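Below is one structure, written out as structure tokens; comments come after it.
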Amino acid sequence: MGCCTSKVNADPVSTILVIGPESAGKTTLLRSVGRRCAGADESQPVRTMPTIGQEVEYLEAPGARVMLQEIGGCMAPTWPRYYDRAAAVLFVVDAAAPETWAEALVLLEELVGAVQKPIGVVLNKLDAAAADGVAARGLLGLEELAVDVFEGSLT
């Protein structure tokens, strides 16, 4: 297999939980990674609908199998049920929607207080005109939290 694939027939070795407020770009992240790993055409926009429940993408790289498991933003009260099974957590934030940052801050602080595993914060949609990664970093207090920060755009 290539660097990774979205078709794995065995149980995953590691689960990366993908969570964040509604419309932050979690499903787009999963589908974009799946497309890239499958060698599919990445020039076409990813079409998504809000996730009610979960979405899953399986990846395989030499020596590693991973399941990316997205739990919809509307399912935030259930997220803690998934923490024990996850090897790491990606928390996705829409950097172009400052009206969602207060909610994201509350959810992120709850996550950091509950999880003793690696946490990555993805500041998404930075190519949008309204995006402000510096302001998002400041309001979310990302410099003070024990998290890794990734910036980009999947739109």
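Let me confirm something: among GLY120, GLY133, GLY73, GLY113, which residue is crowded, with 20+ Cβ neighbours inside 10 Å and among the small types (Gly, Ala, Ser)?
Values: GLY120 fails: crowded, with 20+ Cβ neighbours inside 10 Å; GLY133 fails: crowded, with 20+ Cβ neighbours inside 10 Å; GLY113 fails: crowded, with 20+ Cβ neighbours inside 10 Å.
Of the residues listed, the single one that is crowded, with 20+ Cβ neighbours inside 10 Å and among the small types (Gly, Ala, Ser) is GLY73.
Hey, among VAL46, VAL89, VAL106, which residue is open to solvent by 30 Å² or more (accessible area, probe 1.4 Å), modelled with pLDDT of 95 or more and of a type in the set (A, V, I, L, M)?
Numbers: VAL46 fails: modelled with pLDDT of 95 or more; VAL89 fails: open to solvent by 30 Å² or more (accessible area, probe 1.4 Å).
Testing whether each residue is open to solvent by 30 Å² or more (accessible area, probe 1.4 Å), modelled with pLDDT of 95 or more and of a type in the set (A, V, I, L, M) leaves just VAL106.
Name, by its number, the condition in (1) at pLDDT 70 or above; (2) open to solvent by 20 Å² or more (accessible area, probe 1.4 Å); (3) in contact with a helix residue (DSSP H, G or I) (Cβ under 7 Å, 6 or more places away or on another chain); (4) not β-branched (Val, Ile, Thr) that does not hold for SER32.
Going through (1) at pLDDT 70 or above; (2) open to solvent by 20 Å² or more (accessible area, probe 1.4 Å); (3) in contact with a helix residue (DSSP H, G or I) (Cβ under 7 Å, 6 or more places away or on another chain); (4) not β-branched (Val, Ile, Thr) one by one, SER32 breaks only (3).
Are there any pairs with C-beta distances below 7 angstrom linking a residue in the range 24-48 that is free of Cβ contacts under 8 Å to residues at least 60 places away in the same chain to a residue that is among the aliphatic types (A, V, I, L, M) and assigned to a loop (DSSP other than H, G, I, E, B), with the two at least 6 apart or on different chains, and if so which?
Listed pairs, sorted by first residue: ARG31/VAL46.
Would you check if ALA128 is surrounded by fewer than 17 Cβ atoms within 10 Å (Cβ to Cβ) and within 18 Å of SER23 (Cβ to Cβ)? Working first, answer last.
Numbers: surrounded by fewer than 17 Cβ atoms within 10 Å (Cβ to Cβ): yes; within 18 Å of SER23 (Cβ to Cβ): yes.
When the stated conditions are applied, ALA128 passes them.
The values are calculated or read from the model by the stated rules, or taken from the named source; none is laboratory data. Everything numeric here is computed off the predicted structure, so don't read it as measured data. FYI the Cβ positions are ideal-geometry reconstructions off the backbone, even for glycines, and counts take in every protein chain you see. What goes into the accessible areas is simple: the full protein's heavy atoms, side chains included, and nothing from ligands, DNA or RNA. Shrake-Rupley method; radii C 1.70, N 1.55, O 1.52, S 1.80 Å.
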